[in-house]
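Have a look at the structure below before the remarks.
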Amino acid sequence: MSKTGNLSHSRRVALIWLISAFCFFALFKMALYNSSQTPLDSPNSNTERRSKLYDKMGRDLDEHGAAFLKQGETSQSLSLSDIFTLKDGSVTPVLKPANPPVRANVLYLSTEFSVPIAEAVKNIFDPYFDKAIWFQNSSLYHFSMFHASHHIVPVPATKEEIEAEASSVEAIAATLCPLKIVLDRVVLTSTGVLLGCWQVMSGTDPITIRAKLKNVLPRAPKKQLYDVAILHTSFARLLGPPTASSSTERLKTSNDAHFFHELVNRLNSQIRGFEAVVSELWYVEEYDVLALALNGRMKTRKFRLGCSRE
């Protein structure tokens, strides 16, 4: 082959390599862009998003006051009188049939981790509120993920449709990795809910879990009840003012909010940084409104997180 032919051949080879490199770079940039548009592999941004959300929740009591002292609205568009009765100092949940049943998907926190938390909550708050407080059942600590139907936007389903939903959720659970989580902080909201706000150390992020559930439950309400990033558990709900026996200590603070913050600070000093592992996803039919929170009637299907790869 002549020198001219060799040169022409070399140029063609160089051009092919240049085009290949350009295509590879373009595809690489596209992959980076797509990954930045999805929440599946961005743990740092998800953590930051939760932190900002928890900061806002922590300001709620100061910004809106203690609405629960006036029987205010709860976080799910229900008044306290809709879900509790307080008579002669005793609290009784108001169990109202859910028609159709609420279909909730929740991550479950086992008693290995929930019981120590529940004991700390009760030790700090019980002396000041006596019976004007509702403690979440420690055997039902959970993290709400996604509702196939809820009480605000009911989505009726036949028995066959419910079974199909449960099977889809079971299949999703098999793809999820157990979550190692840490208690970021405890906050008290203006509606009187004492919440544990968590961060994810490893495992499948809640944003990813909710996205997967949304994908297999297309009939679900478009408006869900919680931010897609949140990972929170209800520990207790305050239903009235502190008892008369605690009035002396209460007078040391300038207002109710400061008193409540002091109790929350005590609890945070004990359990903030508490670590736990979540390894079950539950599909729950709640036959009573807020059955998980109020010890109502429900049917649970429990699925282990399998961590298999799709």
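Only the coordinates and a few stated rules stand behind these numbers; no lab work does. Predicted model, so just to flag it, every value in this text is computed and none were measured. Glycine gets a Cβ as well: all are built from the backbone with ideal geometry, and neighbour counts include every protein chain shown.
At-a-glance table
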{"read-out": "Ranked list, fewest to most other Cβ atoms within 10 Å of each Cβ, for VAL153, VAL94", "value": "VAL153, VAL94"}
{"read-out": "Percent of C-alpha pairs per 10 Å bin, segment 97-218, short to long", "value": "11, 34, 33, 19, 3"}
{"read-out": "Fewest-first sequence of PHE125, PHE113 by Cβ atoms within 10 Å of each Cβ", "value": "PHE113, PHE125"}
{"read-out": "Segment 151-310 shape via C-alpha gyration tensor axes, a/c threshold 1.5", "value": "prolate"}
{"read-out": "Expected-Rg normalisation [2.2 N^0.38 Å, Cα atoms] applied to segment 43-304", "value": "1.00"}
{"read-out": "Positive minus negative residues near LEU267 (Lys, Arg vs Asp, Glu; Cβ under 11 Å)", "value": "+3"}
{"read-out": "Stretchable slack from ARG266 to SER139, in nm (0.36 nm times residue separation minus alpha-carbon distance)", "value": "43.4 nm"}
{"read-out": "Rounded FRET efficiency, nearest 0.05, which uses the C-beta distance separating GLU63 from CYS307 and R0 of 45 Å", "value": "0.65"}
{"read-out": "Label-reachable residues, segment 280-310, where backbone N falls under 16 Å from a point 7 Å from ASN215's Cα toward its Cβ", "value": "306-310"}
{"read-out": "Label-point gap, in nm, between LYS56 and THR175 - each point 7 angstrom along Cα→Cβ", "value": "2.8"}
{"read-out": "Placed amide H near HIS142: partners under 5 Å, 5+ positions off or other chain", "value": "LEU109, SER234"}
{"read-out": "Sites ASP82 and GLU161 - FRET efficiency at Förster radius 25 Å, r taken between beta-carbons, to 0.05", "value": "0.30"}
{"read-out": "Packing-based exposure ordering (other Cβ within 10 Å, fewest first) of VAL182, VAL289", "value": "VAL182, VAL289"}
{"read-out": "Total formal charge among the other residues, if their Cβ is under 14 angstrom from that of ASP62, Lys/Arg +1 and Asp/Glu -1", "value": "-3"}
